Amino acid sequence: MHKLAICAQIIIALSIVLVWVLRFPNVVKEFHEYGLPDWLRTVVGDTKIALATLLVAGIWYPALVVVPAILMALLMVCAQLAHIKVHHPWQKYVPSLGLLVLSIFVATFYLRLHQA
């Protein structure tokens, strides 16, 4: 199960880099569509990249994982709400929903690991 959690951490981190670095023009377009300011986009992007970095570092330092995973899950809930706000088709919800589920899985796994 630990290997599955590590895979989830890597998937989350790679997804964040893919969207927030390589597909950044799409992010700019979506934030404008949501009616959100540029400064918020910058804060969200910086936060997601920092959290993704901590999730990867958590492969070697597991104590780092729980808080970033929970915060990433909260950001993904916000992403879901943004999609709802602009009435996107269901396909637009899938990526952030997948990352939400993975983030909850990772947080739950490491919380249980620390309680054992």
For the chain, state the average projected area of the convex hull of the C-alpha atoms over all orientations, rounded to one decimal in nm².
7.0 nm²
So for the chain, averaging the separation of alpha carbon pairs under 8 Å that are six or more residues apart and normalising by length, what relative contact order in percent results?
32 percent
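Please sort by residue number the trypsin sites (Lys or Arg not before Pro) in segment 1-105 whose DSSP state is loop and whose Cβ has at most 14 other Cβ atoms within 10 Å.
On the way: sites: K3, R23, K29, R41, K48, K85, K92; in loops: R23.
For trypsin sites (Lys or Arg not before Pro) across segment 1-105 that sit outside H, G, I, E and B with at most 14 neighbouring Cβ atoms in 10 Å, the list reads R23.
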How tilted is helix 66-85 with respect to the longest principal axis of the chain? Cα atoms for both, answer in degrees (0 to 90, nearest 10).
20 degrees
Based on other C-beta atoms within 10 Å, arrange L18, L64 from fewest to most.
L18, L64
Proximal lysines relative to K29, as straight alpha-carbon distance under 22 Å, when same-chain residues fewer than 8 apart are discounted:
K48, K85, K92
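Go ahead and estimate [θ] at 222 nm for the chain from helices alone: -39,500 (n - 2.57) per DSSP H run with n ≥ 4, summed, over the residue count, rounded to 500. Working shown, then result.
On the way: 5 runs with 93 residues, N = 116.
That calculation yields -27500 deg cm²/dmol at 222 nm.
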For helix 38-57, report the angle its Cα long axis makes with the longest principal axis of the Cα atoms of the chain; keep it between 0 and 90° and round to the nearest 10°.
20 degrees
Phi to ³J(HN,Hα) by Karplus 6.51 cos²θ - 1.76 cosθ + 1.60 over segment 12-22, Hz, x for Gly, Pro
4, 4, 5, 5, 5, 4, 4, 6, 8, 10, 7
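Quick one: putting +1 on the C-beta of Lys and Arg, -1 on the C-beta of Asp and Glu, what dipole do you get for the chain around its Cα centre, in Debye to the nearest 20?
180 debye
Read-outs: derived from the displayed coordinates by stated rules, not from any lab. Please read all numbers here as calculations on a predicted model, not as lab measurements. In this analysis, Cβ positions are derived from the backbone assuming ideal geometry, glycine residues included, and neighbour counts consider all displayed protein chains.
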